[in-house]
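Here is the structure we will look at.
The values are calculated or read from the model by the stated rules, or taken from the named source; none is laboratory data. The structure displayed is predicted, hence computed values, not measured ones. A quick note on method: Cβ atoms are made from the backbone with ideal geometry, for glycine too, and the neighbour counts reach across all protein chains shown.
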Amino acid sequence: MFSHGAFPDVRPRRLRTTAAMRRMTAEHRVHPADLVLPAFVREGIAEPAPISSMPGVVQHTLDSLRRAAAEAADAGVAGIMLFGVPEVKDAVGTAATDPGGILQVALGVVREEVGDALVVMSDLCLDETTDHGHCGLLDERGRVDNDATLARYAEMAVVQAEAGAHVLGPSGMMDGQIGHVRRALDAAGHRDVALLAYTAKYTSAFYGPFREAVESGLTGDRMTYQQDPANGREAMRELSQDLAEGADMVMVKPGLPYLDVLRRVADEVAVPVAAYQISGEYAMVEAAAEKGWIERERAIDETLVCFKRAGADVILTYWAVEAARRADRIEALAEEVREAGG
Ligand code: PBG
């Protein structure tokens, strides 16, 4: 039917024949400057404490956090996102607005260590500091009170900015949080502190290991404030709101199950877009790799480049340091290949 030699006319495989060809034609690559390392710091421990559901990730002491920040800067990672775990939690999250609270102290320690070599970010949310584990204050019927929570976020923002954060990440999904926090920062003179808005944040089973990491006391769920995984269009509503309120960057979270949302957001905006590869995504890969069911490094690198392909400018990942080093090594290998003439 087809004359031999004339078919196929189009052969995409030609561009896949050698490593050099594939490298040249790759549409996306992961660079250390794309990566942000989320890190946990626990008050009142003498040694870093392993997180069993996140093998390789620890709750840091202030000392080990300092070293981790230096290591991240050394690897060329772009930034670090800090989560504080206080010794004492209460209904209103007092530790979150105490200048001596663990997150604020950690911000100071990290800034002292790295200066401006990393973008130093902090989680702006109450769930790490409240005994009930919700992201906001509860009213007398136990519901999360949006506007009372905004007042707490405003106080937190100023305290975190004063402690040295370059960027704040409001992650509690309260309506109006970006505008409210922005006004509080500006009124306190922190006009240069930027906001990374958790724009599309879904209620997700994949946050499971994070609950261990921050010793969350959460009972129940976050369905009245985080988005329903069934909703894509709703993310665009959250997006226009956050941009109108002054978000400097926007984020989609979780990562892999929400690449469609990431793509929609990235197509829409003129601000940098971040994706958060969360604790459960990390745990899945580590667990399967430990069983020998997948190739760990290949799986990690594949997930990261997929975020880039879907439109992420910035990726928050617990593998940031490892992936940054590997990205550099891949370039070093390419160099060797060039020197050897292929
Ligand atoms: C809320 C917050 C959460 C995560 C980051 N910020 C938990 C939640 O919303 O339930 C999850 C991050 C992860 O799972 O890696 N402060």
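Could we say that Gly311 is assigned to a loop (DSSP other than H, G, I, E, B), in contact (Cβ under 8 Å) with a residue 24 or more places away in the chain and over 20 Å from the mean Cα position of the chain (by Cα) here?
Spelling it out, it is not the case that Gly311 is assigned to a loop (DSSP other than H, G, I, E, B), in contact (Cβ under 8 Å) with a residue 24 or more places away in the chain and over 20 Å from the mean Cα position of the chain (by Cα).
Within the range 93-119, how many residues turn out to be among the hydrophobic types (A, V, I, L, M, F, W, C), surrounded by fewer than 24 Cβ atoms within 10 Å (Cβ to Cβ) and away from the ligand (no atom under 15 Å from the Cβ)?
6
Scan the range 127-151 for residues that are over 20 Å from Leu316 (Cβ atoms) and within 14 Å of the ligand (Cβ to nearest atom) and jot them down.
Once the filter is applied, which keeps residues that are over 20 Å from Leu316 (Cβ atoms) and within 14 Å of the ligand (Cβ to nearest atom), the range 127-151 yields Thr129, Thr130, His132, Gly133, His134, Gly136, Val144, Thr149.
For Phe206, all conditions in the list (1) closer than 25 Å to His166 by Cα; (2) within 12 Å of the ligand (Cβ to nearest atom) hold save one; what is the number of the exception?
It fails just one condition, (1).
For the structure I just gave you, tell me whether Leu103 is touching a residue at least 12 places away in the same chain (Cβ under 8 Å), within 25 Å of Val193 (Cα to Cα), assigned to a strand (DSSP E or B) and within 20 Å of the chain's Cα centre (by Cα).
Spelling it out, it is not the case that Leu103 is touching a residue at least 12 places away in the same chain (Cβ under 8 Å), within 25 Å of Val193 (Cα to Cα), assigned to a strand (DSSP E or B) and within 20 Å of the chain's Cα centre (by Cα).
Looking at the range 269-295 only, could you name the residues that are more than 16 Å from the ligand (Cβ to nearest atom), crowded, with 16+ Cβ neighbours inside 10 Å and assigned to a helix (DSSP H, G or I)?
Ala289, the sole residue that qualifies.
What number of residues within the range 209-227 satisfy the criterion of being closer than 29 Å to Arg183 by Cβ, more than 10 Å from the ligand (Cβ to nearest atom) and in contact (Cβ under 8 Å) with a residue 40 or more places away in the chain?
2
Among the candidates Ala200, Ala184, Ala165, Ala230, single out the residue that is hydrophobic (A, V, I, L, M, F, W, C), more than 11 Å from the ligand (Cβ to nearest atom) and assigned to a helix (DSSP H, G or I).
Ala184
Return the only residue of Leu185, Leu138, Leu168 being modelled with pLDDT of 95 or more, surrounded by fewer than 18 Cβ atoms within 10 Å (Cβ to Cβ) and out of contact with any Gly (no Cβ under 9 Å at 6 or more places or on another chain).
Going through Leu185, Leu138, Leu168 in turn, the sole match is Leu138.
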